[in-house]
Structure formats: structure tokens, C-alpha cells
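J.: I'd like to ask you about the structure that follows.
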Amino acid sequence: MRIGLGYDIHRLQKGLPLVLAGVNIDHPLGLLGHSDADVVFHALIDSILGAIGQGDIGTHFPDHDPTWKGARGATLLSHTMELIPPGWSIENVDINILAQKVRIAPHRQAMQSNLAHALQIETDRVNIKGKTGENVGPIGREEAIEAQVVILFQNPTPHSRKAS
């Protein structure tokens with residue numbers, strides 16, 4: 001088994017679209033970033049890269065590279081999926097979305113469906129939880145939205161462990 005942990009946060013700003021897990025959400029504030037700023041996809045990508053030992057999202061999709069300007073999270077994830085070693089399978093993904101006023105529950109099913117499709121797994125392997133910032137910090141002041149992701153991979157050919 002291999003576990004990856006992913007995290008992302010982006011500022012909220014008026015006049016931008018709000019996209020979370022590939023779902024457009026009607027909200028007066030959207031996320032600011034080099035790509036689509038979809039914190040869920042970005043944290044998911046980091047969790048995959050961590051589990052497979054391939055660095056982080058900034059290494060693979062740097063802000064200074066115009067190739068990724070405005071890129072959708074699903075596009076970045078598609079490129080990341082190509083890095084997963086043959087035979088490895090995703091067992092499950094657990095996601096926290098931290099947003100003060102954006103309600104996740106009405107969008108959960110669409111988010112799970114988008115992510116499961118992109119990951120090529122069943123929707124019941126994708127769990128999404130919405131959390132608030134309890135009016136504390138940048139999340140609570142509705143200055144930002146963040147996502148935290150844990151992913152579990154099954155590796156069919158585990159490394160042999162040497163006794164120490």
C-alpha cells in the first residue's frame with residue numbers, strides 16, 4: 001500500500017468562476033490562480049504525486065510555464081495519471097473541502113462523479129466532506145478555500161524490505 005497526502009489553498013476574488021472538483025458553483029467569489037484554481041483537483045494531484053514519489057504539482061505544472069495558464073484541473077490530473085506505475089490501483093480517496101459559505105452537500109454527487117471518472121474508479125471510492133472555517137482564519141473570513149486529500153494505492157509489486 002502507498003498513501004499520498006495532498007493540500008491546496010487559493011484566494012477567493014470577485015468576478016472569477018468558482019470551480020470545485022470540476023463543478024461550476026454559483027457564488028459571488030471565485031478562486032484566483034494560474035490554472036482554473038480548482039483546489040480539489042490540485043490537492044488530489046499532489047496526493048497522487050506524493051504516493052508515487054514524484055514531487056508536487058508545482059514541479060510538474062509550474063506557474064511560470066504558460067502551457068498551464070487557465071488549464072482545467074481535470075487536464076492536469078489526466079497528465080498526472082500517466083505517471084502512475086503500471087498495475088497500481090487506487091483503493092480510495094478521502095477529501096476535505098474547507099469553505100465558509102460555499103455548501104458542498106448540494107454538489108457532492110456531481111463532484112464524486114467527476115473525480116471517479118477522472119480517476120477511473122467507482123464513485124463509492126471517492127469520499128467528499130465539506131467543512132467550514134468556523135469564522136476563523138482565511139477560510140472563516142471567506143478569503144480562501146482549501147482542500148485536503150488522502151489517497152490510498154494498492155501496489156501489486158511491493159518493494160522488498162530489508163531487516164535493519
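The values are calculated or read from the model by the stated rules, or taken from the named source; none is laboratory data. Please read all numbers here as calculations on a predicted model, not as lab measurements. Glycine also receives a Cβ, built like all others from the backbone with ideal geometry; neighbour counts cover every protein chain displayed.
J.: For the structure I just gave you, tell me whether His60 is touching a strand residue (DSSP E or B) at 6+ places or on another chain (Cβ under 6 Å), surrounded by 13 or more Cβ atoms within 10 Å (Cβ to Cβ) and not aliphatic (A, V, I, L, M).
T.: When the stated conditions are applied, His60 does not pass them.
J.: Just for the range 98-121: of the residues that are more than 14 Å from Asn24 (Cα to Cα) and touching a helix residue (DSSP H, G or I) at 6+ places or on another chain (Cβ under 6 Å), which one is surrounded by the fewest Cβ atoms within 10 Å (Cβ to Cβ)?
T.: Ala116
J.: Just checking, which of Gly50, Gly30 is farther than 19 Å from Leu119 by Cβ and at pLDDT 95 or above?
T.: Gly30 is the lone residue from the list that is farther than 19 Å from Leu119 by Cβ and at pLDDT 95 or above.
J.: As an exercise: evaluate Ala118 against (1) in contact with a strand residue (DSSP E or B) (Cβ under 8 Å, 6 or more places away or on another chain); (2) touching a residue at least 24 places away in the same chain (Cβ under 8 Å); (3) among the hydrophobic types (A, V, I, L, M, F, W, C) and give the number of the one condition it does not meet.
T.: Unmet condition: (1).
J.: All but one of (1) touching a helix residue (DSSP H, G or I) at 6+ places or on another chain (Cβ under 9 Å); (2) under 26 Å from Pro156 (Cβ atoms); (3) surrounded by fewer than 16 Cβ atoms within 10 Å (Cβ to Cβ) hold for Arg11; which doesn't?
T.: (2)
J.: Across the range 73-130, what is the total count of residues that are over 18 Å from Ala43 (Cα atoms) and acidic (Asp, Glu)?
T.: Residues meeting the conditions: 2.
J.: Oh, and also: Within the range 48-81, can you find the residues that are touching a residue at least 12 places away in the same chain (Cβ under 8 Å) and of a type in the set (S, T, N, Q)?
T.: Gln54, Ser78, Thr80
J.: Among the residues of the range 110-158, what is the count of those that are more than 18 Å from the chain's Cα centre (by Cα) and either within 20 Å of Leu83 (Cβ to Cβ) or assigned to a helix (DSSP H, G or I) (or both)?
T.: The total comes to 8.
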